[in-house]
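Notes follow the structure.
The values are calculated or read from the model by the stated rules, or taken from the named source; none is laboratory data. For clarity, every value in this text was computed on a predicted model and none was experimentally measured. Ideal geometry is used to build each Cβ from the backbone, glycine not excepted, and the neighbour counts take in all protein chains shown.
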Amino acid sequence: MHDDNKPAWQAFYQDTVMPYWHEYAERFYMQRPHEINLCYYLIRPPNAKALVLISPGRIEGAIKYPELVWELGQQGYAVAIIDHRGQGFSDRLTPNPHNGHVHEFDDFVDDFAGFVREAEKHMNEHYGVELPVHLVAHSMGGAIAALYLARYPHNVKSAVLSSPMFGIQTGWIPHWLAVAVTRAGAALNQLLSPQTAWYFPGTGDYVETPFKDNELSHSLARYQTFREHYQEHPEAQLGGPTFRWIAEALSAARQAIAEAGDIHIPVLVVQAGGDTVVDGRAQQEFVCALSHPHSQVMVVAGAKHEIFIESDTYREPVVTRLLTWFQGEQALQTADPYE
């Protein structure tokens with residue numbers, strides 16, 4: 001494989017990954033209620049054996065995932081990726097396109113259900129056969145995916161949730177107080193300035209964080225490439241969260257744990273050991289509540305939040321495990337769900 005902090009990885013990305021993306025990634029749009037248009041991508045290589053759905057995290061869009069898409073493609077997987085409402089190339093929800101905002105978290109979940117229906121329809125028509133379906137989700141996308149799996153009838157056979165948002169790091173502030181403060185802020189915002197969504201204090205419009213200060217990845221090359229995509233596509237840039245987003249996210253995270261027992265497929269939760277963004281204890285609570293006996297936690301010691309743009313040391317074992325998970329090899333490591 002490639003040393004991801006040297007020019008070899010960058011050459012591999014530009015000469016191998018991106019040509020694959022440009023050849024196979026097709027952009028589509030679907031309309032949701034209240035005239036919200038959502039962008040999604042379908043990657044349909046020849047003779048795909050299964051479909052992988054991807055639910056990205058906050059601030060993300062499909063443009064973060066070409067490397068993972070290439071890796072999946074080499075193993076015979078077609079891929080479908082959604083840009084969640086208010087993110088990527090999907091419609092924004094406030095006059096300021098940098099606001100990380102949502103009115104109701106359930107809108108994300110309902111959107112995802114609509115996206116899955118559209119993706120499966122296109123894939124079945126393209127390949128002439130109903131493909132097996134798997135799911136990958138990251139961070140906020142993990143909460144969305146979990147609620148989708150719990151609430152909707154689906155064909156997903158297995159899921160991998162990377163650094164899923166089942167709790168947000170709030171420091172010394174207890175969860176109940178964080179919920180109360182953000183709910184109060186959102187209510188005051190609606191009362192005093194309903195046309196302008198307020199950022200949570202300390203956040204604002206998109207600003208590129210220098211690599212030395214980032215909390216997302218140890219990989220200089222992957223982090224720089226991730227940021228370069230946003231430089232090339234400023235319309236996809238997203239700033240900090242609003243009061244409303246945080247209030248909705250905190251509630252949805254707890255709801256995902258409460259509904260975990262309604263998920264009846266094997267779920268692998270990949271926990272970044274050095275994560276400062278989401279709460280690892282909540283991830284383990286979620287896994288304990290799952291109903292499928294093969295569901296597990298994979299702890300990646302020392303990894304930062306963005307495992308799919310992490311250094312090879314952290315990332316490669318996760319991609320390897322993801323591929324074996326989709327192949328049905330969940331029963332090999334069931335003695336201890338907390339590795």
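Entry remark, segment 265-286: residues being assigned to a loop (DSSP other than H, G, I, E, B) and either free of Cβ contacts under 8 Å to residues at least 12 places away in the same chain or of a type outside the set (D, E) (or both) number 6 in total. Among the criteria (1) surrounded by fewer than 22 Cβ atoms within 10 Å (Cβ to Cβ); (2) farther than 24 Å from D279 by Cα, the one I168 does not fulfil is (2).
Residues checked against (1) out of contact with any Asp or Glu (no Cβ under 6 Å at 6 or more places or on another chain); (2) farther than 30 Å from Y13 by Cα; (3) surrounded by 13 or more Cβ atoms within 10 Å (Cβ to Cβ):
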| residue | (1), (2), (3) |
| --- | --- |
| A178 | yes, yes, yes |
| N189 | yes, yes, yes |
| Q195 | yes, yes, no |
| F200 | yes, yes, yes |
| P210 | yes, no, no |
| S219 | no, no, yes |
| F226 | yes, no, yes |
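Against the test of being crowded, with 18+ Cβ neighbours inside 10 Å and at positive phi, the options S158, S139 yield a single qualifying residue, S139. Of the residues making up segment 242-264, those that are in contact with a strand residue (DSSP E or B) (Cβ under 7 Å, 6 or more places away or on another chain) and not in a strand (DSSP E or B) number 4. The numbered conditions (1) out of contact with any helix residue (DSSP H, G or I) (no Cβ under 8 Å at 6 or more places or on another chain); (2) small (G, A, S); (3) not in a helix (DSSP H, G or I) are all true for S158 except (1). The numbered conditions (1) in contact with a Leu (Cβ under 6 Å, 6 or more places away or on another chain); (2) over 23 Å from P132 (Cα atoms); (3) without any contact (Cβ under 8 Å) to a residue 60 or more places away in the chain are all true for K304 except (3). Of everything in segment 207-217, what is within 19 Å of the chain's Cα centre (by Cα) and of a type outside the set (G, A, S)? Give them in sequence order. Answer for segment 207-217, where residues must be within 19 Å of the chain's Cα centre (by Cα) and of a type outside the set (G, A, S): N214, E215, L216. Number of residues in segment 99-129 that are farther than 18 Å from I43 by Cβ and outside any helix (DSSP H, G or I): the value is 6. With a requirement of 2 or more residues that are under 23 Å from Q327 (Cβ atoms), among the acidic types (D, E) and in contact with a helix residue (DSSP H, G or I) (Cβ under 9 Å, 6 or more places away or on another chain), the helices (runs of 4 or more DSSP H) lying completely within segment 1-98 that satisfy it span 66-74. Checked against (1) under 25 Å from R227 (Cβ atoms); (2) in contact (Cβ under 8 Å) with a residue 24 or more places away in the chain; (3) of a type outside the set (D, E); (4) surrounded by fewer than 22 Cβ atoms within 10 Å (Cβ to Cβ), Y65 passes all but a single condition, namely (4).
Can you find a residue that is in contact with a Ser or Thr (Cβ under 7 Å, 6 or more places away or on another chain) and under 30 Å from W325 (Cβ atoms) anywhere in segment 226-238? Can you show your working first?
The initial filter retains those residues of segment 226-238 that are in contact with a Ser or Thr (Cβ under 7 Å, 6 or more places away or on another chain), namely none.
The answer is no; no qualifying residue exists.
Tell me whether segment 42-58 contains one or more residues that are touching a residue at least 24 places away in the same chain (Cβ under 8 Å), under 20 Å from E228 (Cβ atoms) and hydrophobic (A, V, I, L, M, F, W, C).
Narrowing segment 42-58 to residues touching a residue at least 24 places away in the same chain (Cβ under 8 Å): 42-45, 47-58.
Filter once more, keeping what is under 20 Å from E228 (Cβ atoms): 56-58.
Narrowing further to those that are hydrophobic (A, V, I, L, M, F, W, C): none.
Scanning segment 42-58 turns up no residue that is touching a residue at least 24 places away in the same chain (Cβ under 8 Å), under 20 Å from E228 (Cβ atoms) and hydrophobic (A, V, I, L, M, F, W, C).
Restricting attention to segment 181-197, the residues that are part of a loop (DSSP other than H, G, I, E, B) and out of contact with any strand residue (DSSP E or B) (no Cβ under 6 Å at 6 or more places or on another chain) total 4. If the condition is being over 24 Å from G328 (Cα atoms), crowded, with 17+ Cβ neighbours inside 10 Å and not polar (S, T, N, Q), then segment 276-311 contributes V277, V278, D279, G280, A282, A303, K304, H305, E306, I309, E310. Scan segment 234-241 and give yes if some residue there is in a strand (DSSP E or B) and more than 30 Å from F12 (Cα to Cα), otherwise no. Checking segment 234-241: at least one residue is in a strand (DSSP E or B) and more than 30 Å from F12 (Cα to Cα).
Total residues in segment 250-269 satisfying the condition of being within 17 Å of R58 (Cα to Cα) and either surrounded by 24 or more Cβ atoms within 10 Å (Cβ to Cβ) or touching a Ser or Thr at 6+ places or on another chain (Cβ under 6 Å) (or both): the figure is 2.
Of all residues in segment 157-182, count the ones that are polar (S, T, N, Q), modelled with pLDDT of 90 or more and under 16 Å from H305 (Cα atoms).
Step one: of segment 157-182, the residues polar (S, T, N, Q) are 158, 162-163, 169-170, 182.
Within this subset, residues satisfying the condition of being modelled with pLDDT of 90 or more are 158, 162-163, 182.
Then keep just the ones that are under 16 Å from H305 (Cα atoms); that gives 162-163.
Of the residues in segment 157-182, 2 are polar (S, T, N, Q), modelled with pLDDT of 90 or more and under 16 Å from H305 (Cα atoms).
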